[in-house]
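The values are calculated or read from the model by the stated rules, or taken from the named source; none is laboratory data. Quick caveat: nothing in here was measured; it's all calculated off a predicted structure. Cβ atoms come from the backbone with ideal geometry, glycine included; neighbour counts cover every protein chain shown.
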């Protein structure tokens with residue numbers, strides 16, 4: 001499919017079919033992520049593909065609570081991919097301090113979208129989750145204290161009947177200026 005078709009098809013899926021994801025598809029998604037660009041080519045990430053039912057259940061329970069139930073769907077995803085932010089190159093760290101930017105956060109966003117777009121092309125659904133109990137997930141997955149859990153992505157086949165939603169986005173003229181910032185709304 002053409003790229004804009006893929007972008008339009010990609011959506012956050014919150015209801016999954018009880019079907020395992022083929023290892024070849026997971027490998028393809030990881031390869032797409034591996035090829036993502038990063039600041040100074042630091043590649044400050046490590047992917048934990050959680051497929052074991054018991055571990056996956058524990059990680060999923062760390063993405064919601066009684067007070068904040070909106071990620072409860074994660075418990076039904078056949079795969080969770082946990083993206084751990086590792087140390088970027090020294091040049092990236094120095095540049096980040098000088099410019100007051102967290103370049104690894106940008107990098108995690110890019111790598112996450114690479115995963116989600118590749119999954120969409122393969123007929124799978126994903127949802128990026130930024131709300132989770134990092135300390136608990138780190139403990140469950142034995143992530144060393146010097147690293148940060150940056151993102152959790154649910155992965156699986158969308159449930160039968162799960163329909164493509166019409167995307168609600170601002171109009172181009174509301175978000176684009178030519179040459180100088182101009183935020184007039186029409």
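Identify the residue in the range 133-148 that is in contact (Cβ under 8 Å) with a residue 40 or more places away in the chain and assigned to a loop (DSSP other than H, G, I, E, B) and, among all such residues, is surrounded by the fewest Cβ atoms within 10 Å (Cβ to Cβ). So, considering only residues that are in contact (Cβ under 8 Å) with a residue 40 or more places away in the chain and assigned to a loop (DSSP other than H, G, I, E, B), the one surrounded by the fewest Cβ atoms within 10 Å (Cβ to Cβ) is 146. Going by the structure shown, is residue 60 farther than 15 Å from residue 128 by Cβ and out of contact with any strand residue (DSSP E or B) (no Cβ under 6 Å at 6 or more places or on another chain)? Here the answer is no, as residue 60 does not meet what is asked. Looking only at the range 29-51, decide whether some residue is over 15 Å from the mean Cα position of the chain (by Cα), part of a helix (DSSP H, G or I) and at pLDDT 95 or above. Within the range 29-51, none of the residues are over 15 Å from the mean Cα position of the chain (by Cα), part of a helix (DSSP H, G or I) and at pLDDT 95 or above.
The set of residues from the range 149-186 being assigned to a loop (DSSP other than H, G, I, E, B) and under 22 Å from the mean Cα position of the chain (by Cα) comprises 157, 159, 162, 163, 164, 165, 166, 167, 168, 169.
Inside the range 52-67, residues that are assigned to a loop (DSSP other than H, G, I, E, B) and surrounded by 19 or more Cβ atoms within 10 Å (Cβ to Cβ) make up a count of 3. Name the pairs: first residue in the range 157-186 and at positive phi and surrounded by fewer than 10 Cβ atoms within 10 Å (Cβ to Cβ), second residue in a loop (DSSP other than H, G, I, E, B) and at pLDDT 90 or above, Cβ to Cβ under 9 Å, at least 6 apart or on different chains? What qualifies is 161/15. Within the option set 135, 171, 167, being at pLDDT below 95 and more than 20 Å from residue 115 (Cβ to Cβ) holds for one residue only, 171.
Residue-by-condition table, conditions (1) surrounded by fewer than 20 Cβ atoms within 10 Å (Cβ to Cβ); (2) more than 30 Å from residue 162 (Cβ to Cβ); (3) out of contact with any strand residue (DSSP E or B) (no Cβ under 8 Å at 6 or more places or on another chain); (4) touching a residue at least 60 places away in the same chain (Cβ under 8 Å):
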{"residue": "45", "(1), (2), (3), (4)": "no, no, no, yes"}
{"residue": "50", "(1), (2), (3), (4)": "no, no, no, yes"}
{"residue": "69", "(1), (2), (3), (4)": "yes, no, yes, no"}
{"residue": "81", "(1), (2), (3), (4)": "no, no, no, yes"}
{"residue": "101", "(1), (2), (3), (4)": "yes, yes, yes, no"}
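Of all the criteria given as (1) farther than 13 Å from residue 154 by Cα; (2) touching a residue at least 12 places away in the same chain (Cβ under 8 Å); (3) surrounded by fewer than 19 Cβ atoms within 10 Å (Cβ to Cβ), the one not satisfied by residue 76 is (1). If you go through the range 68-104 and keep only what is at pLDDT below 95 and part of a strand (DSSP E or B), you end up with just 85.
Table: residues versus (1) touching a strand residue (DSSP E or B) at 6+ places or on another chain (Cβ under 9 Å); (2) under 20 Å from residue 15 (Cβ atoms).
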site: 106; (1), (2): no, no
site: 123; (1), (2): yes, yes
site: 126; (1), (2): yes, yes
site: 132; (1), (2): yes, yes
site: 149; (1), (2): yes, no
site: 158; (1), (2): yes, yes
site: 161; (1), (2): no, yes
site: 169; (1), (2): no, no
site: 181; (1), (2): no, no
